[in-house]
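Shown next, in structure tokens, is the structure this report addresses.
The values are calculated or read from the model by the stated rules, or taken from the named source; none is laboratory data. Owing to the predicted nature of the structure, the values given are computational and were not obtained by experimental measurement. Every residue, glycine among them, receives a Cβ derived from its backbone with ideal geometry; neighbour counts consider all protein chains shown. The accessibility values were calculated without ligands, DNA or RNA, using every heavy atom of the protein model including side chains. Shrake-Rupley method; radii C 1.70, N 1.55, O 1.52, S 1.80 Å.
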Amino acid sequence: MIDSSEQEQNVPKLTYAIEFVADMNRAVKFYRDVIGLPLKFESPGWSEFATGDATLALHPASEKNPAGKVELGFNVADLQKFYEDMRAKGVKFPMPPTKQDFGGTLAQFEDSEGAHVSVGAS
């Protein structure tokens, strides 16, 4: 739960760790049956596990996102303001706030190491 002072400051909250996987069934079985994480949702294109405040999500690997790559996902109270504030600080956004197929809006920025990080509105 974001308290009002964090919301006013638009502090990002880690909500997802997304792992790109070569075999969704194998990865789901590993995290569910071996590691013991509670499965929230499963499909061929996206699966989720409950891990407390953040969700572990699995997504099929691709040429752009090879198996084993992990991407972080944050939520902020005001995505447009976060985008504008971070751009003013020189943060690069390969994807500005963009409406997604699932209905939400996401942006993607590059961190100091060149990793792409997703951010959405809470």
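With the other protein chains left in place, how much accessible area per residue, in square angstrom, belongs to the chain at a 1.4 angstrom probe?
Result: 62 Å² of accessible area for each residue.
With everything on Cα atoms, drop me the angle between helix 79-88 and the longest principal axis of the chain, reported from 0 to 90° to the nearest 10.
Roughly 70 degrees, rounded to the nearest 10.
Can you tell me the mean projection area, over all orientations, of the convex hull of the chain's alpha carbons? Units nm², please.
Result: 8.1 nm².
Please give me, ordered by residue number, the trypsin sites (Lys or Arg not before Pro) of region 1-103 that lie in loop per DSSP and have at most 10 other Cβ atoms within 10 Å.
Details: sites: LYS13, ARG26, LYS29, ARG32, LYS40, LYS64, LYS69, LYS81, ARG87, LYS89, LYS92, LYS99; in loops: LYS64, LYS69, LYS89, LYS92.
Of the trypsin sites (Lys or Arg not before Pro), the ones in loops of region 1-103 whose Cβ has at most 10 other Cβ atoms within 10 Å are LYS64, LYS89.
With a Cα-only, solvent-free Debye model of region 42-100, what are the log10 I(q)/I(0) values at q = 0.15, 0.26 Å⁻¹?
For region 42-100 at q = 0.15, 0.26 Å⁻¹, log10 I(q)/I(0) is -0.66, -1.14.
Please report the carbon-and-sulfur percent of the accessible area for the chain; probe 1.4 Å, protein heavy atoms only, DNA, RNA and ligands left out.
Taking all protein chains in place, the chain shows 53 percent carbon and sulfur surface.
List the chymotrypsin sites (Phe, Trp or Tyr not before Pro) within region 1-102 that DSSP assigns to loop and that have no more than 10 neighbouring Cβ atoms inside 10 Å.
PHE102
Among DSSP beta bridges lying fully in the chain, give the percent that are antiparallel, nearest 5. Before the final figure, lay out each step's value.
Numbers: 20 of 30 bridges.
Restricted to the chain, the bridges split so that about 65 percent are antiparallel.
With point charges of +1 on the Cβ of Lys and Arg and -1 on the Cβ of Asp and Glu, referenced to the Cα centre of region 1-116, which listed residue (PHE109, LEU58, LEU37) lies farthest in the positive direction of the dipole?
The residue sitting most towards the positive pole is LEU58.
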